[in-house]
Amino acid sequence: MRLTEVATGASLPSVGAIVLVCVATLTLGVLGMRLARGTSDFYVAGRAVSPWRNASAIGGEYLSAASYLGVAGLVYTQGADMLWLPVGYTIGYLVLLVLVAAPLRRSGAYTLPDFAEVRLRSQPVRLLSAGLVVGIGWLYLLPQMQGAGLALQHVSGLPTWVGGVVVAAVITAGVVGGGMRSITLVQAFQYWIKLSAIAVPAFVLVVVWLRDGAPSPVADDHWWEPLTGPREDHRLYTTYSTLLALCLGTMGLPHIVVRFYTNPDGRAARRTTVAVLALLGLFYVFPPVYGVLGRVYLPAGGVRADEVVLGLPQAVVPGLSADVLTAMLAGGAFAAFLSTASGLALSVAGALDQDVLRRVVLRRTAGDAHPVQTFRVAAVVGVLVPLVISQLVDPVGISLAVGHAFAIAASTFAPLVILGVWWRRLTPPGAAAGILVGGVCSIGAASLNILGGGTSGWSAPLLEAPAAWSAPLAVVVMIGISLATPRSVPTATASVMARLHTPEAVLPDR
């Protein structure tokens, strides 16, 4: 049974909900456009976003389709093991809070490449970081656009390319129009849309389930028991490696870290992170509910993992009620595509603007351009490339692509940020070597895994979840090369470290 068969009759309300979300997104983007006047507004919203608004925006940005659709689908297909995913996604912010939230804000940087340059005074490390920002951003954007196409096709019958084009057009309008100022308003709004859209149907479906006598999920022993099933001997490794990727990868995701630069100061950055933990914890109560109910009302293996959430209402309640619930879920899913894609597009545009257009192209031309103009050009390029790729390659599973993005971030940016904040002896050669080793290992593992390599023995889990070996390897290389090149420690390291760790109240004029 395919999802298109389950969802017959739900198209008009669902399409209407998607249109409403897109219109609301564009309207808020226009409002943000009127407030954005300078470069600081485009990159960091004037560094004046309050903790709760920023927390809502981070929640809107962070809770992608992998959280909205993917967690439920993985619980549905793989069982109790997947309950660790919401835990890992949330704990990532706790690690970020404890280790780097306030120092990152005090660095005064706009982006992760900015932080690399401020800390290490190295153009090669900055350019390497910029390349990673673009690569991670495009890897993350690809399944968002493909997922939007599949979701819109499900509720309307339109070709899959339409959904990707709609997402690309809406986020480009917001990013080009008002930059971070627009995106902050949009993402804060979209968090509450997603929370409402997933929570209300969940309550209704649970009530119906209880009315039906609370039937047990149809599942085998592997589904109920953690650390069992296929490749049982390697399940423990896969679980730990996935949790490590989620815990460390959060602080290395460019579109997440940049939001902390929008806070007024380090104290506000910490408050923002605490609020984010509360908002994420509230949201992640609901996706596992859909996975469990899917085992009750949908045949095991009858639908794809990413289709469980949208297909469940039609299998549980009849007629108009199912149409309304499906419409709410479809609108929330599209809000997830838009909010995450907006943040990704913004981070990619920042890297392309600062490290390609303004540092390479404009240096070779006689003319010059205003920073906002080059930013807008970079935003268009940053969205068009993954849109074209999404139409040329087969659909990549949302959870698979996002999981690899976390592993890559955990193996590259996480060591750079942690050591950059806490270790004075980090050198540019050490940072570059660690990023290269971690990037080559994690990107290579992701490529082989997506292409179908490593199907037996230990090769499969090592490629599927590489963070447990690629991240420590990157740290060892980064420390080892730094210790071998002590003369390369930047002369301004002491002053930069003091800046990172001195509270604003001590130096109010900074």
Query raised in the report: Does region 119-129 include one or more residues that are surrounded by fewer than 24 Cβ atoms within 10 Å (Cβ to Cβ) and under 26 Å from Ala275 (Cβ atoms)?
Result: no
Report summary line: Out of (1) at pLDDT below 85; (2) under 30 Å from Ala305 (Cα atoms); (3) among the hydroxyl-bearing types (Ser, Thr, Tyr), the one Ser107 does not meet is (2)
Query raised in the report: Restricting attention to region 408-419, does a residue exist that is crowded, with 21+ Cβ neighbours inside 10 Å, touching a residue at least 24 places away in the same chain (Cβ under 8 Å) and outside any helix (DSSP H, G or I)?
Result: yes
Report task. State yes or no: is Gly281 open to solvent by 30 Å² or more (accessible area, probe 1.4 Å), over 26 Å from Tyr110 (Cα atoms) and of a type outside the set (Phe, Trp, Tyr)? Result -> yes
**Report entry** Filter result for the condition that a residue is at pLDDT 85 or above and over 21 Å from the mean Cα position of the chain (by Cα), over Leu128, Leu120, Leu139
**Finding:** Leu120
Query - Test result for Leu298, more than 29 Å from Ile58 (Cβ to Cβ), open to solvent by 10 Å² or more (accessible area, probe 1.4 Å), among the hydrophobic types (A, V, I, L, M, F, W, C) and out of contact with any Asp or Glu (no Cβ under 6 Å at 6 or more places or on another chain) - result: no
Report task. Have a look at Gly229, Gly266 and point out the one that is under 30 Å from Asp114 (Cα atoms), at pLDDT below 85 and either surrounded by fewer than 17 Cβ atoms within 10 Å (Cβ to Cβ) or among the small types (Gly, Ala, Ser) (or both). Result -> Gly266
Query raised in the report: For region 83-103, does any single residue satisfy the condition of being of a type outside the set (Lys, Arg), under 19 Å from Gly332 (Cβ atoms) and in contact with a Pro (Cβ under 9 Å, 6 or more places away or on another chain)?
Result: yes
Requested in this report: Determine which single condition Ser107 fails, assuming it passes every other condition in (1) in contact (Cβ under 8 Å) with a residue 24 or more places away in the chain; (2) farther than 30 Å from Leu20 by Cα; (3) open to solvent by 10 Å² or more (accessible area, probe 1.4 Å); (4) in contact with a Lys or Arg (Cβ under 8 Å, 6 or more places away or on another chain).
Outcome: (3)
Requested in this report: Go through region 272-303 and give me each residue that's in a loop (DSSP other than H, G, I, E, B) and out of contact with any Ser or Thr (no Cβ under 9 Å at 6 or more places or on another chain).
Outcome: Val285, Phe286, Leu298, Pro299, Gly302, Val303
Requested in this report: Could you tell me whether region 448-456 includes any residue that is at pLDDT below 95, of a type in the set (Ser, Thr, Tyr), more than 20 Å from Ile408 (Cβ to Cβ) and part of a loop (DSSP other than H, G, I, E, B)?
Outcome: yes
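The values are calculated or read from the model by the stated rules, or taken from the named source; none is laboratory data. Because the structure is a prediction, the values reported are computed rather than measured. With ideal geometry, Cβ positions are generated from the backbone for all residues, glycine too; neighbour counts draw on all protein chains shown. Please note that ligands, DNA and RNA were not included when accessible areas were found on the heavy atoms of the full protein model with its side chains. Shrake-Rupley method; radii C 1.70, N 1.55, O 1.52, S 1.80 Å.
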